[in-house]
Amino acid sequence: MKKLLVASVALVTSCASVNAFLQGAKGGNIAEGARRAEAAEQSSRRREAECDKLRTQQVTWEEEREIGGAVAVVLGSKTKGPYTELSPDVTGKALDSLANKDVAPPTGERASLNEYVNKVGKALAANSERPDIRWTFMVLEDPSVNAFSAPGGYVFVTTGLLRVVDNEAQLAGVLGHEIGHVTGRHALEAYKLQKKQLCSLSLKAQDAQEFAKQQGLTSGIDQAQRDVARFGTLFGGAVNSPVFDVSNLGAEAIKKLTELIVQALVSVGNGADKESARKNEFAADESAAKYMSFAGYDPAEYEKLIAKLADGGGIFQPHPSNKDRIAALAKYRDDEQFKGALAAPAFTTELQAVKK
């Protein structure tokens with residue numbers, strides 16, 4: 001009996017198995033408790049394996065754009081906001097409303113600058129691996145030297161960064177780097193990891209709720225635990241076949257996922273972990289050099305800009321050193337596909353204005 005008890009206790013590793021053990025062991029039937037605990041543990045492992053599938057599950061375009069938009073809003077909120085002038089009948093309305101022909105477009109010098117950055121960005125994106133997605137480029141009013149992107153084609157640069165770049169080619173390098181993160185789906189690595197982890201957390205919360213209910217401890221379940229448990233329904237209910245339909249997400253779930261993604265991007269970078277994020281930064285630099293060349297810009301100008309930047313600056317801290325980035329880019333100077341791409345156009349009047 002003692003050996004059986006020790007063996008049964010070893011099987012109890014989760015709330016689900018604890019609860020199954022206690023229910024089966026009523027009346028002293030330890031063997032039945034152990035059997036139920038083992039079955040519950042096997043069920044938990046199967047459900048966890050289903051959560052693991054979220055790491056490799058393809059993200060649809062609709063999902064990428066929806067989540068990317070939410071992430072872009074949060075990242076943008078870390079600055080002072082859009083650097084643009086809106087006509088009176090547009091002020092206060094969502095930027096998406098500008099697509100409505102009945103709404104007057106932005107006006108003024110600031111709007112012209114944003115239009116200029118859009119023009120440069122979309123020329124680069126047209127030469128990328130994803131030319132047909134809805135690219136959105138925007139200037140943010142903030143003194144920090146910064147640029148970032150979000151899934152779905154969102155790319156932002158700050159006025160602080162625009163004051164540092166010397167010519168249009170350097171601006172193209174910055175935009176090309178961020179385009180490279182989007183085309184490489186780098187932030188989606190962090191996103192899929194967060195989905196998987198949220199799925200796992202929801203299972204544990206569901207098990208904890210059931211255990212508390214069976215033991216009459218429901219008063220000890222706080223609202224946060226109830227909220228996390230509900231996220232399990234986002235991954236196919238019991239997580240037997242996780243199909244993530246972004247159209248079914250409520251505001252609460254969007255907010256939770258967005259918080260997790262932004263936290264991961266800021267602390268880890270554009271990747272599932274620091275190692276992959278570091279590789280993705282080099283990959284984005286390579287993309288920048290290629291896109292610049294295809295659009296007629298001199299990639300060497302991008303190296304000059306990197307040399308002026310602070311190591312690890314901006315919202316995303318885990319960047320490789322500037323020295324390593326420049327060394328990695330050097331090989332492209334002698335590549336045949338880049339020869340002849342020697343243009344470094346001076347800025348337009350719009351960009352010269354913001355540099356004053």
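Tell me whether the stretch 322-331 contains one or more residues that are more than 24 Å from ASP166 (Cα to Cα), at pLDDT 75 or above and not small (Gly, Ala, Ser). Within the stretch 322-331, not a single residue is more than 24 Å from ASP166 (Cα to Cα), at pLDDT 75 or above and not small (Gly, Ala, Ser).
Scanning the stretch 263-279 for residues that are assigned to a helix (DSSP H, G or I) and surrounded by 22 or more Cβ atoms within 10 Å (Cβ to Cβ) returns ALA264, LEU265, ALA277. Please determine, by comparing only the residues of the stretch 288-310 that are surrounded by 20 or more Cβ atoms within 10 Å (Cβ to Cβ), among the charged types (D, E, K, R) and more than 18 Å from HIS186 (Cβ to Cβ), which one is modelled with the lowest pLDDT. Among those that are surrounded by 20 or more Cβ atoms within 10 Å (Cβ to Cβ), among the charged types (D, E, K, R) and more than 18 Å from HIS186 (Cβ to Cβ), it is ASP298.
Pull up the stretch 124-146, narrow it to residues that are in contact with a strand residue (DSSP E or B) (Cβ under 9 Å, 6 or more places away or on another chain), surrounded by fewer than 23 Cβ atoms within 10 Å (Cβ to Cβ) and not aromatic (Phe, Trp, Tyr), then point me to the one that is farthest from LYS304 (Cα to Cα). Checked the stretch 124-146; the qualifying residue farthest from LYS304 (Cα to Cα) is THR136. Screening ALA253 on (1) under 24 Å from VAL164 (Cα atoms); (2) modelled with pLDDT under 90 shows it passes everything except condition (1). Annotation: PRO131 fulfils all but one of (1) under 19 Å from ALA289 (Cβ atoms); (2) not hydrophobic (A, V, I, L, M, F, W, C); (3) not in a loop (DSSP other than H, G, I, E, B); the unmet one is (3).
Residues are listed down the side, and each one gets a yes or a no for (1) outside any helix (DSSP H, G or I); (2) at pLDDT 70 or above:
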residue: PHE244; (1), (2): yes, no
residue: GLU286; (1), (2): no, yes
residue: GLY312; (1), (2): yes, no
residue: PHE316; (1), (2): yes, no
residue: GLY340; (1), (2): yes, no
residue: ALA346; (1), (2): yes, yes
residue: LYS356; (1), (2): yes, no
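The values are calculated or read from the model by the stated rules, or taken from the named source; none is laboratory data. Since the model is a prediction, treat every value here as computed from it, not as a measurement. Glycine also receives a Cβ, built like all others from the backbone with ideal geometry; neighbour counts cover every protein chain displayed.
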